[in-house]
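As structure tokens, the structure follows; a few thoughts come after it.
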Amino acid sequence: MYKLFTSLLFGILLSQSSMAKNFLSLDEAVHASFPSGTKMEKHSLILSKKQFSQIQKKAKAKVDTKVYRYYTLRHKGKTIGFAILEFRKVRTKKATVLYGFDMKGTLKFTEIMAFGEAPEWVPSKTWMSQLQNKGKSAALHIGKDIPTISGATLSARCVSEGARVARAIYETVLK
């Protein structure tokens, strides 16, 4: 009985560790789209009531908080972009997504930093790449200009709504 229990426990632990998803670090995410040697300065942002309503209107998405963390990206002393960290609820647990913008407002990258839901609901790299290098005129709406994902629709919606909110923060506050 002990051997059966031990074998079963070992099998469960092995299967869970093989399903675990490794996410990029903040540095890796930024340096994949911006020049090496890019420095990041961490900032906190608290939106005013006016900014909050402007962002919600521009994003056409629900904005849950007035508090955000963002990074100013500098290369050789010059500001080359911003990265905005967005915490959003997917189903019952939160996902943390980093959105990087250059100074023209182009969404350079979207990277999931943490994901509390089941690993099979994480959008694939292929799907995430559709958000890369999107200009400021791209609508970023699921089912319209970005296809949905079978089995991860709520996750995809979370990422695309977050992209619209991050873009609205960039345009309203940071630009």
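Odds and ends about this structure:
- Counting only aspartates and glutamates at least 8 places from Lys93 when in the same chain, those with an alpha carbon closer than 17 Å to its own are Asp64, Glu117, Glu120, Glu161.
- Per-residue Karplus couplings for the stretch 166-172, computed as 6.51 cos²θ - 1.76 cosθ + 1.60 with θ equal to phi - 60°, are listed in order as 4, 5, 5, 5, 4, 5, 7 Hz, Gly and Pro entered as x.
- Highest to lowest packing among 115-122, 102-109, scored as the average C-beta count within 10 Å: 102-109, 115-122
- Greater than 25 Å apart at Cα, pairs in Lys39/Lys94; Lys66/Lys125; Lys134/Lys175; Lys62/Lys136; Lys49/Lys108: Lys39/Lys94; Lys66/Lys125; Lys49/Lys108
- Amide H contacts under 5 Å for Thr148, placed H, 5+ residues apart: Gly143
- When the inverse distances between all different Cα atoms of the stretch 21-174 are averaged and flipped, the Kirkwood radius reads 15.6 angstrom.
- Distant-in-sequence amide contacts of Ile80, defined by a placed amide H-H separation under 5 Å and a gap of 5 or more residues or a different chain, comprise Leu73, Arg74, His75.
- Integer Hz, Karplus 6.51/-1.76/1.60 couplings in order for the stretch 105-119, x for Gly and Pro: x, 6, 6, 7, 7, 9, 9, 6, 9, 8, 9, x, 7, 4, x
Laboratory data are not the source of any read-out in this text; all were calculated from the coordinates shown. Just so it is clear, the structure is predicted and the values come from calculations on it, not from any experiment. We place every Cβ from the backbone using ideal geometry, glycine too, and count neighbours over all the protein chains shown.
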